[in-house]
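J.: Right, I'll just put the structure down here and ask away after.
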């Protein structure tokens, strides 16, 4: 199957679903967190998909592709750490934390696989 868009990648689908769930849950965070924590966790979770789209657009150049995938992985790790804070602060339940942390882990594994073997995703001039 030829993938025509980053939106067709399972890692994109998981990242998008995670960002949307973070958005929904963060609506219940305390008002005093709106300009700091809430904004930050929303940005990092969305950045996974946004950087993946940029990586896809730059897949003609392995170094650029690799760099943007590394950014994706960093944003995913930031989201995971933010979930730790949300859980420890009592903003999300144990179940919500477990589910979202598991998704972050799955995304990290998928991105790691792409980073270890970027070849199938690159555009070749041949």
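Values in this text are rule-based calculations from the coordinates and carry no lab data. All of these numbers come straight from a predicted model, not from anything done at the bench. All Cβ positions, glycine included, derive from the backbone under ideal geometry; neighbour counts span all protein chains shown.
J.: Kindly express, to the nearest 10 degrees and within the range 0 to 90, the angle between helix 62-88's C-alpha long axis and the longest C-alpha principal axis of the chain.
T.: Tilt relative to the chain: about 10 degrees.
J.: Listing 114, 20 from the residue with the fewest other Cβ atoms within 10 Å to the one with the most, what is the order?
T.: The order, fewest Cβ neighbours first, is 20, 114.
J.: Report the semi-axes of the equivalent ellipsoid for segment 28-75 in whole Å, largest first, where each axis is √(5λ) for an eigenvalue λ of the Cα gyration tensor.
T.: After scaling each eigenvalue by five and taking roots: 30, 8, 6 Å.
J.: Based only on other Cβ atoms within 10 Å, what is the fewest-to-most ordering of 48, 103?
T.: 103, 48
J.: For semi-axes √(5λ) of the Cα gyration tensor in Å, the listed values are [x] 23, 15, 14; [y] 30, 13, 11; [z] 18, 17, 14; which was obtained by calculation from the structure presented?
T.: Step by step, semi-axes √(5λ) of the Cα gyration tensor in Å for this structure corresponds to label [y].
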